[in-house]
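The values are calculated or read from the model by the stated rules, or taken from the named source; none is laboratory data. Computed from a prediction, not measured in an experiment: that's the story for all the values here. Using ideal geometry, Cβ is built from the backbone for each residue, glycine included, and neighbour counts are taken over all protein chains shown.
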Ligand SMILES: Cc1cc2nc3c(=O)[nH]c(=O)nc-3n(C[C@H](O)[C@H](O)[C@H](O)COP(=O)(O)OP(=O)(O)OC[C@H]3O[C@@H](n4cnc5c(N)ncnc54)[C@H](O)[C@@H]3O)c2cc1C
């Protein structure tokens, strides 16, 4: 019996698989080329927020933030989500004006958002150097969840519902008949499918090419680093969009985050000195007490970047049984909503309004989504 094949066992593929199974779909197979957590889903900063600069991003991510709050109960596994709050801090008048415009948007989407004065930011985060801080949005329901906990939870919950998830199983060919996908090849095995989902992260462009389709965007490296564990210093998850920097303190006490540097499209898991130096500089300026801490480790992960940094979610316009959940730059935070809404779209042919702006063909139609609060560097 042919069923649903999902290419990619990162958090997107697992969330889609779990939600499909929860809605009653059977015979779901997730095939991943690498090892469990080997993709971006095991390498990210783990920050979660519902509020962004645009209504499109906010409506999708606010839904996701709410799902994160109940995710441990939904999955029957502890994802360790802690709603410690998420601060988006302005260091320029332009960013402050943007944040002032965003707070009502966030509240209209049910988020617990307030504007903070510089003194209130300092009271919340005493380690911050107040000079140059103009204010912040405090998303009190944002937070963090360690990726190992979230990934293990999605994997266990999916398997419990009968999903077959296999790592070390690269998809090397995709077959079509009469404008429909009919099978994929992995190793010597041909797997027939009625529905195919591409959730292959940075490799979604290459996987799309196997199906003869052009997936917009390109692979891009993002780097992060961890400082040695120390007593509690930071309460919130923190983004500094003016410095293209984000950070938080883990339950173990490590300071984890990064500052983005301009990148060219490339595939590499090597980390380098430019990102390390930019991160160290941003930390030392904004949180001077971090300057004396030792760097424990630095690492890189691969994203699938799109022209507007937004995800590509939905049915492919030319192949009726091919779906995508790709192009994610905030795909850890967005995974619960993407899985929930895409599974409903696939099984019930019911495309939720929150997914429509992120349609796979939006660049072809000249309809990118403009989002002004993300912490990503321009592409070289
Ligand atoms: C340093 C860093 C920091 C980040 N910080 C955050 C953050 O704080 N918050 C946030 O929301 N997001 C963050 N992100 C982004 C987030 O990690 C990604 O958007 C998200 O993990 C994407 O999930 P995914 O499942 O689409 O991709 P992945 O986790 O990369 O999974 C894709 C999978 O597809 C598999 N695959 C590829 N080709 C094939 C093939 N031919 N056949 C079978 N399988 C294949 C790969 O092996 C891989 O496991 C960060 C990313 C990085 C790198």
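Table for the structure above
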item	result
Region 271-296, residues that are in a loop (DSSP other than H, G, I, E, B) and at pLDDT 95 or above	287, 293, 294
Filter result for residue 136 (modelled with pLDDT of 95 or more, over 25 Å from the mean Cα position of the chain (by Cα) and not in a loop (DSSP other than H, G, I, E, B))	no
Filter result (modelled with pLDDT under 95 and out of contact with any helix residue (DSSP H, G or I) (no Cβ under 9 Å at 6 or more places or on another chain)) within region 331-351	348, 349
Residue 20 buried (at least 24 other Cβ atoms within 10 Å of the Cβ), in contact with a helix residue (DSSP H, G or I) (Cβ under 7 Å, 6 or more places away or on another chain) and modelled with pLDDT of 95 or more	yes
Total residues in region 157-170, condition surrounded by 15 or more Cβ atoms within 10 Å (Cβ to Cβ) and not in a strand (DSSP E or B)	8
Top-ranked residue in region 26-42 [being within 6 Å of the ligand (Cβ to nearest atom) and crowded, with 20+ Cβ neighbours inside 10 Å; ranked as farthest from the chain's Cα centre (by Cα)]	31
Residue that is within 11 Å of the ligand (Cβ to nearest atom), touching a strand residue (DSSP E or B) at 6+ places or on another chain (Cβ under 7 Å), in the same structural domain as residue 247 (by TED's automatic domain parsing) and at pLDDT 95 or above, where the choices are 299, 328	299
Number of positions in region 106-133 that are in contact (Cβ under 8 Å) with a residue 40 or more places away in the chain and either in a loop (DSSP other than H, G, I, E, B) or closer than 20 Å to residue 233 by Cα (or both)	10
Residues that are loosely packed, with under 15 Cβ neighbours inside 10 Å and more than 14 Å from the ligand (Cβ to nearest atom), drawn from region 195-216	212, 214
Condition check for residue 192: assigned by TED's automatic domain parsing to the domain that holds residue 335, in a helix (DSSP H, G or I), surrounded by fewer than 17 Cβ atoms within 10 Å (Cβ to Cβ) and more than 14 Å from the ligand (Cβ to nearest atom)	no
Number of positions in region 330-351 that are closer than 22 Å to residue 239 by Cβ and not in a loop (DSSP other than H, G, I, E, B)	8
Residue within region 51-59 that is touching a strand residue (DSSP E or B) at 6+ places or on another chain (Cβ under 8 Å), within 15 Å of the ligand (Cβ to nearest atom), modelled with pLDDT of 95 or more and not assigned by TED's automatic domain parsing to the domain that holds residue 242 present	yes
Residue check for residue 354: in contact with a helix residue (DSSP H, G or I) (Cβ under 9 Å, 6 or more places away or on another chain) and part of a loop (DSSP other than H, G, I, E, B)	yes
